[in-house]
Each structure stands twice: as structure tokens, then as C-alpha cells.
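First comes the structure, then the notes that go with it.
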Amino acid sequence: MDLSISLDKNLSAVAGFNTSILKDSKVVGTSIKDLVLPKSSLVISILRDGELIIPQGDSVFQSGDEVVA
């Protein structure tokens with residue numbers, strides 16, 4: 001997992017990360033809407049088998065997904 005932190009225009013910290021979903025991860029088979037995430041969280045994209053997916057609440061994580069949040 002890569003973690004990057006930057007400052008936005010209001011000088012508040014903004015953190016983002018890239019991660020791979022492993023086959024034994026607890027989120028495999030779980031939709032974004034069913035995850036317990038901080039209120040301000042945003043899943044930006046999922047890369048699956050070379051296809052870029054702009055996720056929605058009903059998007060389900062699969063093993064091997066590359067996630068940007």
C-alpha cells in the first residue's frame with residue numbers, strides 16, 4: 001500500500017492511498033456501501049484486469065483489484 005499526504009487549498013491534510021486487494025482480504029465480495037469507512041472517505045477508482053472502473057456504492061471488491069482512495 002502506498003500512502004501519500006498533501007495539503008489542499010485550506011492547508012488541511014489530505015491523505016490518499018493505493019492498495020491491492022488480496023485473495024484472503026475481508027473486503028473481497030463486499031460492496032463499497034457495506035464497508036465501514038470514515039464519512040469523508042472516497043474510493044476514486046478500481047483497476048481490475050486492466051479495466052478502469054469508476055466505483056459506485058454497489059461496486060464489489062474482487063481479489064486482485066487495485067484501489068485508489
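The values are calculated or read from the model by the stated rules, or taken from the named source; none is laboratory data. Note that this is a predicted model, so its numbers are computed, not measured. Because the Cβ atoms are built from the backbone with ideal geometry, glycine has one as well, and the counts that use them run over all protein chains shown. Heads up: the accessible areas ignore ligands, DNA and RNA and are worked out on the full protein's heavy atoms, side chains in. Shrake-Rupley method; radii C 1.70, N 1.55, O 1.52, S 1.80 Å.
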Checklist entry - Of all residues in the range 27-49, how many are free of Cβ contacts under 8 Å to residues at least 24 places away in the same chain and within 10 Å of PHE61 (Cα to Cα)? => result 2
Item to check | Which numbered condition VAL43 fails, given (1) aliphatic (A, V, I, L, M); (2) surrounded by 11 or more Cβ atoms within 10 Å (Cβ to Cβ); (3) modelled with pLDDT under 95; (4) assigned to a strand (DSSP E or B) | outcome: (4)
Checklist entry - Just for the range 52-69: of the residues that are touching a helix residue (DSSP H, G or I) at 6+ places or on another chain (Cβ under 9 Å) and under 11 Å from ILE21 (Cβ atoms), which one is most open to solvent (accessible area, probe 1.4 Å)? => result VAL60
Checklist entry - ASP49 passes all but one of (1) charged (D, E, K, R); (2) modelled with pLDDT of 95 or more; (3) surrounded by 10 or more Cβ atoms within 10 Å (Cβ to Cβ); which number fails? => result (3)
